[in-house]
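Scroll down for the structure; my scribbles are underneath it.
The values are calculated or read from the model by the stated rules, or taken from the named source; none is laboratory data. Just so you know, these numbers come straight off a predicted model, no measurement behind them. In this analysis, Cβ positions are derived from the backbone assuming ideal geometry, glycine residues included, and neighbour counts consider all displayed protein chains. Remember, those area values only see protein heavy atoms, side chains included, never the ligands or the DNA or RNA. Shrake-Rupley method; radii C 1.70, N 1.55, O 1.52, S 1.80 Å.
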Amino acid sequence: MSVLDNVQIVLVNPSVPANIGATARALKNTGINLLSLVNPGTWDTSDTRRIAHGSGEILDGCQVFASLPQAIASSSFVVGTTHRRGRDREITTPADTLIEQIVNTAQTQRVSVVFGREKDGLWQDELQYCHELLRFPTAIDYPSLNLSHAVLLTTYHIYAASLQPLPEPKPLRMTAAEREHLGHHLLTALDAIDFEHYNGQPEHFLRILRRVLSRAELTARDAMVLHKICGQIEKFALRHGKRGIDG
């Protein structure tokens, strides 16, 4: 199995069918076959097929999802792309290093690279599902690349890195679905002991948990240990008469 077979490109709410066709063509040129769309509307048009010339099989195999969490559920490493700056958009890993991480992880596990809307990219609440953010340096301070151009730029670098000698793969990470399940279990266990969330908002604290779990690079075995701890907290709360999350 090729490393590139484990790389999935995700387009969130693309509004221009022609961009989907151009994206399929870019993927074909860079050896990547997995394309997923989140809420694309009517996307498989004659314009899409015309511009995807020679890469129709990628469109045929394209999967459509109702939400970003569903699209990335089986991925163990999720990289969001952004040209914007601001809160929750800090770049912590240089682009070339992040490309290496994508390729190294894809030796054994699914990786998703996520692209946002043509108009305004990924929204704030979508960034919380990404382990890292990718931004390529450009000649201007505030670039805005065409969606398919951004995909081609990214996938070319992934393709080029896949041709280099690869290190030994790291232990398997949790998938995005497993991370989400663990985050909710931690929240449930904390509620069982009357944990006071920041500003009394459990959903806000869940965002923080997602960020912590993303940076921790936990394996499935690590997650099992944390689930065990959560289970013991819930049993303790039950024995001592705490109300719990549903109480």
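Structure above, values below:
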{"quantity": "Coil-residue chymotrypsin sites (Phe, Trp or Tyr not before Pro) of the range 185-245, DSSP, other Cβ within 10 Å capped at 16", "calculated": "Phe195"}
{"quantity": "Dipole in debye (nearest 20) - the range 128-247, about Cα centre, beta carbon charges: Lys, Arg +1; Asp, Glu -1", "calculated": "240"}
{"quantity": "Over 14 Å [Cα-Cα, the range 39-109], rounded percent", "calculated": "74"}
{"quantity": "Accessible-area composition of the range 175-240, carbon plus sulfur, in percent [1.4 Å probe]", "calculated": "60"}
{"quantity": "Residue among Gln63, Gln201, Gln101 with the largest mean-square fluctuation in a Gaussian network model of the chain, springs linking Cα atoms under 10 Å", "calculated": "Gln201"}
{"quantity": "Stokes-Einstein D in µm²/s, Kirkwood radius over Cα pairs - the range 1-146 at 10 °C with 1.306 mPa s viscosity", "calculated": "102"}
{"quantity": "Estimated dipole of the chain in Debye, rounded to 20 [Cβ of Lys and Arg +1, of Asp and Glu -1, Cα centre]", "calculated": "180"}
{"quantity": "Given 13 as the ceiling on other Cβ atoms within 10 Å, longest exposed-site-free region of the chain for GluC sites (Glu not before Pro) in DSSP loops", "calculated": "91-195"}
{"quantity": "Quotient of C-alpha Rg and 2.2 N^0.38 Å, computed over the chain", "calculated": "1.10"}
{"quantity": "Ile140 paired with His197, simple spin-label distance in nm, labels 7 Å along Cα-to-beta-carbon", "calculated": "4.1"}
{"quantity": "For the range 91-184, accessible area per residue (1.4 Å probe, heavy atoms of protein chains only), Å²", "calculated": "52"}
{"quantity": "Carbon/sulfur fraction of accessible area - the range 22-75, other protein chains in place, 1.4 Å, %", "calculated": "49"}
{"quantity": "Helical contribution to [θ] at 222 nm, DSSP H n ≥ 4, -39,500 (n - 2.57), averaged over the chain, rounded to 500", "calculated": "-13500 deg cm²/dmol"}
{"quantity": "Selection from Thr175, Ile102, Ser148 lying farthest towards where the dipole of the chain points positive, charges on Cβ", "calculated": "Thr175"}
{"quantity": "Sum of side-chain charges, Ile58 neighbourhood, beta-carbon under 10 Å (Lys, Arg +1; Asp, Glu -1)", "calculated": "0"}
{"quantity": "P(r) tail fraction, the range 113-206 - alpha-carbon pairs more than 15 Å apart, %", "calculated": "75"}
{"quantity": "Max mean-square fluctuation residue, GNM over the chain, Cα-Cα springs under 10 Å, options Arg49, Arg215, Arg117", "calculated": "Arg215"}
